[in-house]
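I have placed the structure first, in the form of structure tokens, so that the comments after it can refer back to it.
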Amino acid sequence: MEAFDDIRRSVKSLCAGFPGEYWRTLDAERAYPIAFVEALTQAGFLAALIPEEYGGSGLPLAAACVILETIQAEGCNGAACHAQMYTMGTILRHGSAEQKAHLLPQLAKGTVRLQAFGVTEPSSGTDTTAIRTFARRIGDHYVINGQKVFTSRAEHSDMMLLLARTTPRDQLRRKSDGLSVFLVDLREAVGISLRPIRTMMNHATCEVFIDTLHVPATNLIGEEGKGFRYILDSMNAERILIAAECIGDARWFIRKAADYARERVVFGHPIGRNQGVQFPIARAYAATEAAALMVKKAAALFDAHAPCGAEANMAKLLAAEASWQTADMCVQTHGGYGFAEQFDVERKFRETRLYQVAPVSTNMILAYLGEHVLHLPKSY
Ligand SMILES: Cc1cc2nc3c(=O)[nH]c(=O)nc-3n(C[C@H](O)[C@H](O)[C@H](O)COP(=O)(O)OP(=O)(O)OC[C@H]3O[C@@H](n4cnc5c(N)ncnc54)[C@H](O)[C@@H]3O)c2cc1C
């Protein structure tokens, strides 16, 4: 029996209530999947990684991977809320006892959403240490000014984490110092405004404008100036979880393509009898299974508290490539119908393309492997 089979079955049965038609309607209306997120919350899946002492399920990352993989494999989209699972990790690992005791039980119950993390800025892009958003300490508050871009789910979050500079870059020896993470309560924030960005798929992401935002000093996470390290700390979990989503997408595309290739008859026989149709499905299947093994390995290392930077990055790289390969294959297998909305293939195709770029682009993973694993010169 596969590990966490019971979880897989429960997620599958929950997802059955949210068929393609549900996602198609949301896609057309660019609406947030409120009912789906609510169902996942009520079932406790979004609290999987919160320790039991704070009211969560205290499950390992491998179990969270099964949850997200199954959501995607059933044709749903976990991107609307996957960050509710893992954004809290920064608080769990680096927050104060008070912050944890106050916030984690609310997140576990689902009464508070913390599923936005503002890191990227228009002028810094991939170069996180070049961010300009600045937090100045004044008495018992920080006053923050700046701008974020592509902050996902901020409109659907009660709170968000925000990365800001607290010491100017030119006053530091190491550019990765002097960055800090803040917990921002969006429900009561004055000085923050959101502007949605329309994207190629229904992904609630937005620009965040920050003008003289007052944040209590008690909302600083961990130590001032150590924020970049805290972010790096969270990246492995995020990469492994997103990789699991990609595996789920890939399995959906393969199932959909194989079913269609068996049923669609042209020239008097099923198109799947043609090797030109069959082999790309088989090749995509092999790529997916190989990537899935790396995801499993990375999650196992993470759960054993062993170093897993290389494996987490490779899992993300291979799984995102597999999902994109299967997506392309699935469109091709469906011919013209791959473009017709009612088949859901074009929607999933658009959705899975994101994972080549966010939360980390393929190039940055290759740069990580080149520098940290193969000891090649740093390329940037
Ligand atoms: C839908 C969506 C949701 C997102 N959600 C969030 C979020 O919630 N929070 C958040 O903080 N950010 C989020 N992002 C931002 C995402 O992480 C960034 O797009 C990403 O960091 C790249 O930044 P950029 O778009 O400015 O690209 P740039 O940094 O301008 O890079 C452009 C291209 O050049 C490549 N490149 C740049 N430098 C190098 C180099 N040295 N070597 C090789 N290649 C290089 C990149 O890999 C990329 O392909 C989201 C993005 C999208 C599209």
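Nothing in this text is a laboratory measurement; each read-out follows from the coordinates by a stated rule. Everything numeric in this text was worked out from a predicted model, so none of it was measured. Glycine gets a Cβ as well: all are built from the backbone with ideal geometry, and neighbour counts include every protein chain shown.
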Percent of Cα-Cα distances greater than 20 Å, calculated over region 5-109: 40 percent
Region 294-328-region 11-62 distance, computed between alpha-carbon centres (Å): 22 Å
Taking region 268-380 and dividing mean pair separation by its residue count, relative contact order in percent (alpha carbons under 8 Å, at least six apart): 21 percent
Residue of ILE365, ILE71, ILE247 that the Gaussian network model of the chain assigns the largest fluctuation, springs spanning Cα pairs under 10 Å: ILE365
Top of CYS65, CYS76, CYS308 by mean-square fluctuation, Gaussian network on the chain, Cα under 10 Å: CYS308
Enclosed volume per residue, in Å³, of the convex hull spanned by Cα atoms of the chain: 145 Å³
Per-pair calculated FRET efficiency, R0 = 25 Å: ILE34 and PHE209 via Cβ, rounded to 0.05: 0.50
The chain: most fluctuating residue of ASP328, ASP140, ASP177 per GNM, C-alpha cutoff 10 Å: ASP140
Calculated from backbone phi, Karplus (6.51, -1.76, 1.60) coupling profile of region 36-52 in Hz, x at Gly/Pro: 5, 5, 5, 5, 5, 5, 4, 6, x, 5, 6, 9, 4, 8, 7, x, 4
GLU155-VAL143 pseudo-label distance in nm [points 7 Å out on the Cα-to-Cβ vector]: 3.1 nm
The chain: angle of helix 61-73 to the longest principal axis, Cα-based, in degrees nearest 10: 50 degrees
Qualifying trypsin sites (Lys or Arg not before Pro) in region 147-184, DSSP loop, other Cβ atoms within 10 Å at most 15: ARG173, ARG174, LYS175
Amide H contacts under 5 Å for HIS141, placed H, 5+ residues apart: ALA217
Using alpha-carbon coordinates, inclination of helix 97-109 to the longest axis of the chain, degrees: 30 degrees
Scattering curve values for region 229-373, log₁₀ I(q)/I(0), Debye with Cα scatterers, q = 0.19 Å⁻¹: -1.01
In region 1-49, GluC sites (Glu not before Pro) in a DSSP loop with at most 10 other beta-carbon atoms within 10 Å: GLU2
Amide proton proximity set for THR205, modelled H, under 5 Å, gap of 5+: ARG153, ILE197
Tilt relative to the chain, helix 275-303 - C-alpha long axis, 0 to 90 degrees, to 10: 30 degrees
Whole-Hz ³J(HN,Hα) from phi, Karplus 6.51 cos²θ - 1.76 cosθ + 1.60, for region 356-366, glycine and proline x: 7, 10, 10, x, 8, 7, 3, 4, 5, 5, 4
From phi via Karplus (6.51, -1.76, 1.60), per-residue ³J(HN,Hα) for region 14-24 in Hz, x at Gly/Pro: 4, 5, 4, x, 10, x, x, 4, 4, 6, 5
Length added when fully stretched, ARG273-GLU2, from 0.36 nm per residue minus Cα-Cα: 94.4 nm
Amide H within-cut-off set for SER96, under 5 Å, with H built and near neighbours excluded: GLY222
